[in-house]
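First the structure, in the form of structure tokens, and then the observations on it.
The values are calculated or read from the model by the stated rules, or taken from the named source; none is laboratory data. No experiment lies behind these values; they were computed from the predicted model shown. Glycine also receives a Cβ, built like all others from the backbone with ideal geometry; neighbour counts cover every protein chain displayed.
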């Protein structure tokens with residue numbers, strides 16, 4: 001199975017629809033709205049899409065797509 005980066009997994013978690021094809025559709029749609037200076041996000045999206053297109057639905061269903069943002073950024077600022 002593909003090795004997704006931490007950033008790819010977070011991006012996929014944000015746009016996850018519950019299915020591999022749904023996520024591919026969401027990322028493809030979001031990509032159309034990126035500005036020309038958003039190259040890092042475009043590259044991240046392209047990389048995630050390329051990997052998603054090689055996965056089977058069964059492999060996709062084993063992914064843990066829960067956003068994992070920095071836990072040190074709590075509401076109280078600590």
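Things worth noting here:
- Subset of region 44-59 [more than 16 Å from residue 15 (Cα to Cα) and in a helix (DSSP H, G or I)]: 57, 58, 59
One line per residue, one yes/no per condition, for (1) surrounded by 16 or more Cβ atoms within 10 Å (Cβ to Cβ); (2) modelled with pLDDT of 95 or more:
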| site | (1), (2) |
| --- | --- |
| 24 | yes, yes |
| 30 | no, yes |
| 34 | no, yes |
| 49 | yes, yes |
| 53 | no, yes |
| 64 | no, no |
| 72 | no, no |
| 77 | no, no |
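- Hey, residue 40 more than 16 Å from residue 68 (Cα to Cα) and either assigned to a helix (DSSP H, G or I) or touching a strand residue (DSSP E or B) at 6+ places or on another chain (Cβ under 8 Å) (or both) or not: yes
- Among residues of region 32-56, those that are over 16 Å from residue 4 (Cβ atoms) and in contact with a helix residue (DSSP H, G or I) (Cβ under 6 Å, 6 or more places away or on another chain), counted: 1
- Looking across region 1-37, the residues that are more than 18 Å from residue 67 (Cα to Cα) and in a helix (DSSP H, G or I) come down to 21, 25, 28, 29, 31.
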